[in-house]
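As structure tokens, the structure follows; a few thoughts come after it.
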Amino acid sequence: MPAAPPPAPPVQTTRRKRNYWSIAIFVLVASGIGIRAYRDLSRPDAWDYWKDQYIAPSMTVSLIDKTYLAGRDQGRRTLAVSGTIGPAASRLLRDRVDEAKLTAGDLILLSSPGGELNQGAIMGEIIRSHGLATAVGTADASGRIKPAYCASACVLVYAGGKPRFGVLGSALGVHRFVTEKPMKDPVADAQRVTGAVLGYMTKMGVSSSVVEAMSETREIRWLAPKDALAMNLITDPVSKP
């Protein structure tokens, strides 16, 4: 007579074991995330970065299927970027450009009072590396571009475009860049920042005269369209919004 098969393990016991393993795995994963977060937040300015990236982003980036520049073409795929340039702004822009799969000739539409200098430069580099155009403005529901303004660090973002469209009624504002942290030698620090901005603008094909305009005042100086053209900041003026 064949031997009887061994009894099956109690269902309740098996379920408990599975639950224990699930809890154990969750604890390990959560611990790893917690340790990494603690290490990241222990770095200077890390909390500002996390807050800007995950909790309360200071900048918004939205995809628009088509925008129209004074009837020049059949429309361009556009990322509309608005708000203050915060500590995680370049990461946000890079992610959105990749998600939207933008290609050369697509548009970055800017509306910003400025923000962090280094983030503005990185954003400009991202724009240039993808061959994207820039313009200052906002878009209505039909994709028609309306005037807006771009000041301070936003001008560095705008400089990354190729071409850089000028929209009638939009404004570009520049001023002297200063660091918020106290420095042992403010004069040397100002020279360092000015040199970095000059090198960046030169790389983007903008005249050094824009840096001279920045150095003249700590208040915003709104560039006249003819001045922005003379500086090669605007490379392709649009006759009407």
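The values are calculated or read from the model by the stated rules, or taken from the named source; none is laboratory data. Note that the structure is a prediction, hence the values are computed from the model and not measured. Heads up, the Cβs are rebuilt from the backbone with ideal geometry, glycines too, and the neighbour counts pull from every protein chain shown. All accessible areas refer to the heavy atoms of the entire protein, side chains included, with ligands and DNA or RNA removed. Shrake-Rupley method; radii C 1.70, N 1.55, O 1.52, S 1.80 Å.
Which ones in segment 109-125 are open to solvent by less than 10 Å² (accessible area, probe 1.4 Å) and in a helix (DSSP H, G or I)?
Residues satisfying the conditions are Gly120, Met123, Gly124.
Report, by residue number, each residue of segment 74-102 that is surrounded by fewer than 20 Cβ atoms within 10 Å (Cβ to Cβ) and assigned to a strand (DSSP E or B).
Matches in segment 74-102: Arg77, Ser82, Gly83.
Give the residues of segment 63-72 that are open to solvent by less than 50 Å² (accessible area, probe 1.4 Å) and in a loop (DSSP other than H, G, I, E, B), sorted by residue number.
Leu69, Ala70
Of the residues in segment 131-179, how many are farther than 20 Å from Gly199 by Cα and assigned to a loop (DSSP other than H, G, I, E, B)?
Total meeting the criteria: 12.
Name the residue, out of Leu109, Leu93, that is closer than 15 Å to Gly143 by Cβ and not β-branched (Val, Ile, Thr).
Leu109
So, of the residues in segment 47-62 that are loosely packed, with under 15 Cβ neighbours inside 10 Å and not polar (S, T, N, Q), which turns out to be modelled with the highest pLDDT?
Here the answer is Ile55.
Before we move on, is Thr138 touching a strand residue (DSSP E or B) at 6+ places or on another chain (Cβ under 9 Å) and farther than 20 Å from Val167 by Cα?
It is false that Thr138 is touching a strand residue (DSSP E or B) at 6+ places or on another chain (Cβ under 9 Å) and farther than 20 Å from Val167 by Cα.
Considering only residues that are more than 13 Å from the chain's Cα centre (by Cα), open to solvent by less than 10 Å² (accessible area, probe 1.4 Å) and farther than 19 Å from Lys226 by Cα, which ones fall in segment 126-168?
Scanning segment 126-168 gives Leu132, Ala133, Gly143, Ile145.
Write out, first by first residue and then by second, each pair whose Cβ atoms fall under 7 Å of each other, whose residues are 6+ apart or on separate chains, and whose first residue, in segment 88-106, is within 20 Å of Arg164 (Cα to Cα) and free of Cβ contacts under 8 Å to residues at least 60 places away in the same chain while the second is surrounded by 14 or more Cβ atoms within 10 Å (Cβ to Cβ) and among the polar types (S, T, N, Q).
Listed by first residue and then by second, the contacts come to Ser90/Gln119; Asp106/Thr78.
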